[in-house]
1. What do you reckon, is B:Leu91 of a type in the set (A, V, I, L, M, F, W, C) and under 30 Å from A:Leu159 (Cβ atoms)?
2. Let me spell it out: the conditions are (1) under 22 Å from A:Gly172 (Cβ atoms); (2) more than 8 Å from chain B (Cβ to nearest Cβ), and A:Arg108 meets all of them except one. Which number is the exception?
3. Say whether the condition of being outside any helix (DSSP H, G or I), in contact with an Asp or Glu (Cβ under 9 Å, 6 or more places away or on another chain), of a type in the set (A, V, I, L, M) and closer than 24 Å to B:Ile209 by Cβ is met by at least one residue in the stretch B:290-305.
4. Looking at (1) in a loop (DSSP other than H, G, I, E, B); (2) within 12 Å of chain B (Cβ to nearest Cβ); (3) farther than 27 Å from A:Gln190 by Cβ; (4) among the hydrophobic types (A, V, I, L, M, F, W, C), which is the only condition A:Ala76 fails?
5. Could we say that B:Ile250 is farther than 16 Å from B:Ala349 by Cα and either among the polar types (S, T, N, Q) or out of contact with any helix residue (DSSP H, G or I) (no Cβ under 8 Å at 6 or more places or on another chain) (or both) here?
6. Cβ-Cβ under 7 Å, sequence separation 6+ or interchain: first residue in the stretch B:140-153 and among the small types (Gly, Ala, Ser), partner surrounded by 14 or more Cβ atoms within 10 Å (Cβ to Cβ). Which pairs?
7. Look at A:Ala171 and say whether it is touching a Phe, Trp or Tyr at 6+ places or on another chain (Cβ under 9 Å) and in contact (Cβ under 8 Å) with a residue 24 or more places away in the chain.
8. Could you count how many residues in the stretch B:7-35 are within 14 Å of chain A (Cβ to nearest Cβ) and either of a type in the set (Asp, Glu) or surrounded by fewer than 17 Cβ atoms within 10 Å (Cβ to Cβ) (or both)?
Amino acid sequence: MSSFPVELQGVSTRFGKQWIHKGIDLAVPAGEVVALVGGSGSGKTTLLRQMVGLLTPAEGEVRVFGEPLFSGSHQAQLARRRRFGMLFQQGALFSAFTVFDNIAFPLREFGVRDEGLLRDLVLLKMAMVELAPDVALRMPAELSGGMVKRVALARALALEPELLLLDEPTAGLDPDLSAAFVALIRSLHQALGLTVILVTHDLDTLAALATRVAVLAAGRILAFGPLDEIMNVQDPFIDRFFHSARSQAALARGHGAG
Amino acid sequence: MTQSTRPLPAIRIDAGGDGTEVVLSGDWTLHLLCPLPPDIQRQFALIPSGAGWSLAAVSRLDSFGALLLWRRWGRQRPLRLELPEALAPVLARAEALPADALPVEPGYRFLDGTAQLGRGLHAVAHHVLGFVALVGHILISFGGLLRNHDRWPLREISANFYKVGVRAMPVTALVGFLIGVVMSYLSALQLRAFGADTFIVNILGLGIIRELGPVLVSVLVAGRSGSAMTAQLGVMRVTEEIDALTAMGISRHVRLVLPKVVALTLAMPLLTLWGSAVAILGGMVSAKLQLDLSFDFFLNALPRAVPAANLVIGLTKGAVFGLLIALVACYFGLRVRPNTESLSANTTASVVASITVVILVDAVFAIATRSVGLPYR
């Protein structure tokens, strides 16, 4: 397995006349939980969407599992795509499908034909994200915010990905639920040996989950390393972001949980 | 490194002295096991029950692989199992699964048909009640607006009028012109056989102004503007914009429904007039080419052949159809629930229902006005 599931080389992004990123270099080591943090509008989610190929950078290259994202035959690209899962901010569940069908969808597309096996697989994924079997027939509109995230996570995990991308995994959840969700992601990370990249605003989540932090500001990666190292970097943005009274309290809580 | 360089899953059956031993090796993962390689499938079938299993050489096992084995074992651990420490948690998760705990969707039973029929009838009653309620809401907001002149949503009405009226003119003209040409051409063939060429004016004038114009334009508008109204209101429901309006204390009926209804009611007679005029123009062009009937003659004969009452009937129909299409479209738009299936179902229902209602009401008009505006009786 490539030691760097995701590598960004000189990635620059432009929206209209505005440059969002200017030459971003980042290599995410396998097995780590990397948090992308940065101010509002600094292009964190944009970077995440570029990693999965929903957006293409104006310049530079995104390499996934050691190869450029859009290289090789259609089959090769599809196989590469099936090695990572993404959790969208709003869940992005298919609203016309039940919970069961939402989780079964990628498996059916992959070619699992045996219905018995499929039912067991979906049940296993639901157990992994701590969902009771009786929600299987509900529609996404009938689920609470926390459950939508869990179902979306189960769907992202359906194809046994090696890389998991999370866009604001705890946004919109109350503190209790978000702590439970963070614990869930951490236990899955430990159990499955995933590489996780997450975008977050929430310092609690950051402190409890991330083994490494990448700080995005002014269009480039300001610092990349373990949280303790980042805290010692002298920079006005990092100072504001990590050293305010609120941030300190949140980080202390997060460390307590971790 | 790519997926292809991972060790492929393999299976070996050793018939040793103390019973059969099944030795697995390689990666037992979803990406390599689905679809199940025929080799492994064949070997699986050969394994006798009571065989010992060794997973010591398995380099990777994911939950798919674990489930596959678990199901092969008939949901219990084989008596002799060699399991490396690292793979134990994966297998434990598969083992913890209760068999068939997922709720099953009930199948179709005999009485379900009856229940479905009942539900259908209930739904019809529900629609009728809901529609009446919507009309009531609109009348109440209308009454409120009569007392509060400065509250009229004039900008919305004008914007809707432009969208459903002015923007619909090109397509109405195109379809109207072609229908006029076709009708005129077909009638001309028949009339010439009887030497009754000049009656084409009566056929076209009466047919288009009184009947075809309003209905044709209604069908076009129902497909074009009615569906757009339903979809717009539906998406506003899905994105909670309508709830946001309600939370601000702004009536959805005044702001969203009333402008659409008023605009379409005002726009439809004008569109009908426009569509009928272009259709008659098409008929005139075709009559000129087919029967050599001059435009002058056609225009002079038209008022004599078609009494003015027909124009009134046609335009009234237009207004009534417009009112109904907008009401039906808004009714279905407000019924959308927040999922994509409901949005498409309600948009479809809106177009089908409005066209059906238009044709039903047209029949009512035909009966009610059977003694008005017909020259020869």
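1. Yes.
2. Status for A:Arg108: all satisfied but (1).
3. Yes - at least one qualifying residue is present in the stretch B:290-305.
4. A:Ala76 satisfies all of (1) in a loop (DSSP other than H, G, I, E, B); (2) within 12 Å of chain B (Cβ to nearest Cβ); (3) farther than 27 Å from A:Gln190 by Cβ; (4) among the hydrophobic types (A, V, I, L, M, F, W, C) except (1).
5. So B:Ile250 fits the description; yes.
6. Going by the 7 Å Cβ cut-off, the qualifying pairs are B:Ser141/B:Ser251; B:Ser141/B:His253; B:Ser141/B:Val254; B:Ser141/B:Leu258.
7. When the stated conditions are applied, A:Ala171 does not pass them.
8. Count: 3.
Values in this text are rule-based calculations from the coordinates and carry no lab data. Since the model is a prediction, treat every value here as computed from it, not as a measurement. Note that we place each Cβ from the backbone using ideal geometry, even for glycine, and neighbour counts take in every protein chain shown.
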